[in-house]
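Every number here is computed from the coordinates shown, using simple stated rules; none is lab data. Since we're looking at a predicted model, the values are computed, not measured. Every residue, glycine among them, receives a Cβ derived from its backbone with ideal geometry; neighbour counts consider all protein chains shown.
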Amino acid sequence: MSALSTSHGALSRFRATGYIGRRRRTGLWLVLPALVVLVAVLAFPIAASLVVSFQSVDTAGGKFSGTWVGLDNYAQATTDPAFWTAVQNTVYFTVVEVTAVVGLGLVVAMLLNHPLGRSPFFRVILFVPWALAPVANAVMWKWIYNANYGILNQILEALGIIHRPIVWLGDPQLALNALLLADIWKAIPFIALLLLAGLQNVPPILYRAARLDGASAWQTFRFVTLPQLRTAILICVVLQSIWALKVFDLIYVLTKGGPADGTVTLNFLAYRVTFDFGNIGYGAALADILFVMMFVLALVYIRTFRPTRPASGQPA
Amino acid sequence: MEEHELEIQRQMSRRSFLKRSAGVGAGVVALGAVPSILAACTSSATAAPGAASAAASKAPSAAPGTVALNVLAPAAPDPAPPGVAKFNDATVQAFAKWQADNKTTVTYEAPPWPQLHDKMATAFASGNPPWDVVYMSGWAPEFRQNLTAIGDMIPADLKADLPPSSFSTVTWDGKVYGVVFTLSLLTLFYNTELLSKAGIAAPPKNWDELKTYTKELTSGNQYGWVLNYGAPEGIGGVASYWMAFLQQAGGKMYGPDGMPIFNDTPGVDALQLMLDVNTAGTDPGSISYVGINDATNVFTAGKAAMMMNWPFMWVPAQDPKTSKIVGKLGAALLPAGPAGTASIDGTDAWTITTASKDPALAMKLIEFYLDPNVQKSQSIDTGWLPIRLSVLNDPEVQAKSTNAKVVMDQATHPYDSFVTPDYNEVTQAIGTEIQKALKGQKTAKQAIQESSDLVTAIVKKRK
């Protein structure tokens, strides 16, 4: 069915008289306030940002005037070394964070789903990192990583693992991984709870059937648990990817993108270009590139992980 | 019949419920949300800044019968005015009297220093800056189009008591946009006890001594040198420190045409010095210290023997609650390079925004901040040296801030901060290359070459 005929059908259904038509129209009126809010706080800023990204913006004298420059801001990104460094860091950060958070979150969820782990005490403890305000979390980790006074160095020196303090935020690669650790620690609880909810919705009869068929623990996990968690994993991967792509507070508090741009990501670069350099058009272009990346990623995930429908006449 | 009536009632109540709900929802949208959103958007986009500030400003209103003056200042311990920092009672009373005499209520917004630039950038871009007087630190050329040129408003006697060179960082295209209110130059601070224990009689006077002493003062967990190399940009970032060494090597940032000219021997030598001192015995954590306070904490804990810092450090370093080096602090000129000693200016200045409804009154407030008694109190109570030459020579100021003489001596040598409208972008580019060199990813020559290319592109964009 073509899009035209689909929209024509929708219009016809909207215009239909009778009880069903009135019901549909009333429903649309009821969701209208929410749609207006969504357009105002979501669609409008995205559209405005897109428009600004094609302009060179001048804020002199309190005015906000833009001159159309076409794709110049996007072209600038391709020749900006900081942009490519930011893309590299962003991809690395996102891939590692999503893999670690979802993987570790699944392990934690399975532990919580075990009879021994079902005590509410464990769930309360689990929530502590997630409940911390993002900036408070960043400041806490700044002190943990402090080269002179940080507790991480003190513990490692006490255990004899290191003999001199390590400057965790002093090396570009090490600093990026230090930020990853801080963000993964904070992100695991929420993902673990999402996966726990998914685990608890797996019908027990499937596990009984697997046991009866002689499946090992790994086979049960691989052929029963994982397929049943497909949708929950998809949600976790999409959410965590978006959060990883837009990480900002940790970078701002701990490293300001350094050392040597080693921890600068696309989101932070957009902030720096917009507020530090006053280049609003270029900053908007960077933010829109990030937005497109997130959007495409979400579409890819949904397409890859969507539940497969059985062919007609075939059992599910 | 009863069933029919019941059915009608059910249909009517469901229908009426749906209708009323839809009507309420649509009414809320029509009457409440949209007009206020549109009004807010319209006022900031089209109204002149002065008129818009009255409608959209978030600044608190003045006491009845007085005019409001709103000031954006940094929070202490950065240079803060009376009403924000802790001044003595006489100054506090003088401030209250000034407000009463001028029928003015001065209201402060005083965020921590690192937040100032972003706050200003956002407010100026919105067209509704709510302040009359704004603190600047190297940003006056950047925000000049939102600032009032006040060169002609500064009284002659005040101008005569200020170092002429102090206006260089608030001047662009021949127009003066502010007044520097504290003589804040980088000088050398050293731990006299650590130097004495190492058998070093006096602080380093030149680059060779700096490298040698740094090495001799480094052992175990104690380092010869510490500084915050973690922030590339801005005044007090690693690029600005390199600019001090650049001038010591006889170099300059820009030529007469405004293009960068630092890709030469002085530029490379200045960075090489930093690398050599780094290898000789700089605290390894320096590359991760984003703010000067991070490095200062290491120094005042007695873990590093020398650092460059702003004059304000003298007072807190003598406070036993925060310092372990009370009575062991010395100050000296920065070690001389091939062209002698040189430094950079902190460029702390007061400016007046174009949004101010009473620039003359705002200027009077700035004159109050620069009043000799207030300047003296600023020095003695907060540690930030005065800018007025007459107050700098005051015996009481010199007695309390024994480093005042050192700073004044440093001020007789070059101290250009090379401030431009794109100072943040320039220093970000240079600072990042310097950090790469400090991490061994590039040689000094490569880093300076790349910096020059990047700054050239930035300057061309400005032109």
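Placing +1 on each Lys and Arg Cβ and -1 on each Asp and Glu Cβ, with no other charges, gives chain A a dipole about its Cα centre of roughly 1760 debye.
Distance between the modelled labels on A:LEU226 and A:TRP84, one decimal in nanometres: 3.7 nm (7 Å Cα→Cβ projection). Taken one residue at a time, the phi angles of region B:159-172 give Karplus couplings (6.51, -1.76, 1.60, θ = phi - 60°) of 4, 5, 8, 10, x, x, 5, 5, 7, 5, 7, 10, 10, 8 Hz. Gly and Pro are set to x. Peptide B:285-296 has a mean shielding of 5, counted as Cβ atoms of other protein chains within 10 Å of each residue's Cβ. Summing charges over all other residues whose Cβ lies under 11 Å from the Cβ of B:VAL71, with Lys and Arg as +1 and Asp and Glu as -1, gives -2. Taking a straight Cα-Cα cut-off under 16 Å and skipping sequence neighbours fewer than 8 places away in the same chain, the aspartates and glutamates within cross-link reach of B:LYS439 are A:ASP171, A:ASP261, B:ASP276, B:ASP283, B:GLU450. Mind telling me which of A:VAL292, A:VAL128, A:VAL37 comes out most flexible in a GNM of chain A, alpha-carbon contacts under 10 Å? Maximum among the listed residues: A:VAL37. With 18 Å as the limit on Cα-Cα distance, the pairs of B:LYS215/B:LYS405; A:LYS142/B:LYS324; B:LYS159/B:LYS364; B:LYS205/B:LYS400 that go past it are B:LYS215/B:LYS405; A:LYS142/B:LYS324; B:LYS205/B:LYS400. Counting charges near B:PRO372 (Lys, Arg +1; Asp, Glu -1) among other residues having Cβ under 9 Å from its Cβ returns a value of -1.
Kindly state, to the nearest 0.05, the FRET efficiency for B:ILE261 paired with A:VAL128, given R0 = 41 Å and r defined as their beta-carbon distance. Each step should come with its number before you reach the end.
Values: r = 56 Å, r/R0 = 1.36.
For B:ILE261 and A:VAL128, the calculated efficiency is 0.15.
For B:LEU147, nonlocal amide neighbours, meaning residues 5 or more places apart or on other chains whose placed amide H falls under 5 Å from its own, are B:THR354. As an exercise, use a Förster radius of 56 Å and the Cβ-Cβ distance of A:LEU116 and A:VAL296 to find the FRET efficiency, rounded to the nearest 0.05. Efficiency, from the Cβ-Cβ distance: 0.85. The mean count of C-beta atoms from other chains within 10 Å of the C-beta of residues in A:252-264, rounded to a whole number, is 6.
Relative contact order of chain A: what whole-number percent is it, with Cα pairs under 8 angstrom and at least 6 residues apart?
Numbers: 334 pairs, mean separation 78.2, N = 316.
The value is 25 percent.
Across peptide B:220-232, the average count of Cβ atoms from other chains found within 10 Å of a residue's Cβ is 2.
Each residue, B:ASP453 and A:LEU28, gets one label point 7 Å from its Cα in the Cβ direction; the gap between the two is 5.8 nm.
Taking amide H atoms as placed 1.01 Å from N in the peptide plane, the amide H of A:GLN55 lies under 5 Å from those of A:VAL69, each 5 or more residues away in sequence or on another chain.
Under 5 Å between amide hydrogens, built in the peptide plane, is the criterion, and for B:VAL67 it picks out B:THR104, B:THR105 among residues at least 5 positions away or on other chains.
When a/c is below 1.5 the answer is rounded, else prolate if a/b is larger than b/c, else oblate, so apply that to region B:257-395 with a ≥ b ≥ c taken from the square roots of the Cα gyration tensor eigenvalues. It comes out oblate by the Cα gyration axes.
In sequence order, region B:136-144 has phi-based couplings of 10, 9, x, 9, 4, x, 5, 9, 4 Hz under the Karplus curve 6.51 cos²θ - 1.76 cosθ + 1.60, θ = phi - 60°, and Gly or Pro positions carry x.
Which of the peptides B:147-156, B:449-458 is most tightly packed, and how do the rest follow, going by the mean number of other Cβ atoms within 10 Å of each residue?
B:449-458, B:147-156
Under 1.5 on a/c is rounded, so check that first for region A:73-305, then, if it is not, pick prolate when a/b is larger than b/c and oblate when it is not; a ≥ b ≥ c are the square roots of the alpha carbon gyration tensor eigenvalues. Oblate shape, in that a/c is at least 1.5 and b/c is the bigger or equal ratio. Highest mobility in the GNM of chain A, judged by mean-square fluctuation with C-alpha springs under 10 Å and restricted to A:ILE289, A:ILE125, A:ILE233, is found for A:ILE125. Indicate the gyration tensor shape class of chain B (rounded, prolate or oblate), computed on the Cα atoms with a ≥ b ≥ c the square roots of the eigenvalues: a/c under 1.5 is rounded; otherwise a/b larger than b/c is prolate and the rest oblate. Judged from the Cα gyration tensor, chain B comes out prolate (a/c at least 1.5, a/b above b/c). So for chain A, taking the charge dipole from beta-carbon charges (+1 Lys/Arg, -1 Asp/Glu), which of A:VAL139, A:LEU35, A:GLN240 sits furthest toward the positive end? Working it through, the farthest residue towards the positive pole turns out to be A:LEU35.
With the highest mean first, a sort of the peptides B:358-365, B:160-167 on other beta-carbon atoms found within 10 angstrom per residue produces B:358-365, B:160-167.
Report the relative contact order of chain B, percent, no decimals, based on alpha-carbon pairs under 8 angstrom and at least 6 residues apart.
Answer for chain B is 21 percent.
Take every DSSP beta bridge with both residues inside the protein assembly as shown and express the antiparallel ones as a percent of the total, to the nearest 5. Before the final figure, lay out each step's value.
Working: 27 of 40 bridges.
Bridges in the protein assembly as shown that DSSP calls antiparallel: roughly 70 percent.
Spin-label pair A:LEU38-B:TYR254: with each label point 7 Å from Cα along the Cα-Cβ axis, the two points sit 5.0 nm from one another.
Shown in residue order for region B:371-384 are the 3J(HN,Hα) couplings computed by the Karplus curve 6.51 cos²θ - 1.76 cosθ + 1.60 at θ = phi - 60°: 4, x, 5, 5, 5, 5, 5, 4, 6, 6, 8, 10, x, 8 Hz (x for Gly and Pro).
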